[in-house]
Amino acid sequence: MDSIMKQVGGLIAGLTGLVVSVIGLGVATEIVFGGAMGLSVIGNITSIVDSLSSGGFVGLVVLLILWGQVK
């Protein structure tokens with residue numbers, strides 16, 4: 001059972017690292033090429049942060065949980 005939990009934890013950590021890398025690549029691509037692909041990574045991140053900040057205490061709690069997952 002301990003081995004399965006370690007494997008699941010490793011899988012989640014790997015996927016989190018992959019998602020963070022893809023987001024970073026998307027931001028860098030948008031800075032260099034602009035919105036040529038029709039996607040606005042920076043705009044989407046800004047809207048997520050705005051919705052969390054307008055959520056008050058609940059938004060702060062969600063932000064802390066997400067930060068803990070990434071870290």
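Read-outs: derived from the displayed coordinates by stated rules, not from any lab. Since this is a predicted model, take the numbers as computed values, not measurements. Here Cβ is always computed from backbone atoms with ideal geometry, including for glycine, and neighbour counts include all displayed protein chains.
Each label was represented as a point 7 Å from its Cα along the Cα-to-Cβ direction; for SER40 and LEU25 these points are 2.4 nm apart. Length gained on full extension, SER3 to SER54: 14.2 nm, using 0.36 nm per residue less the C-alpha separation.
Going from the residue with the fewest nearby Cβ atoms within 10 Å to the one with the most, ILE42, ILE4 rank ILE4, ILE42.
Just to confirm the number: angle between the C-alpha axis of helix 57-70 and the first principal axis of the chain, 0 to 90 degrees, nearest 10? It works out to around 70 degrees. Note on the chain: helix-only mean residue ellipticity at 222 nm, from DSSP H runs of 4+ residues weighted -39500 (n - 2.57) and normalised by residue number, equals -29000 deg cm²/dmol. With N the number of residues in the chain, Rg(Cα) / (2.2 N^0.38 Å) evaluates to 1.41.
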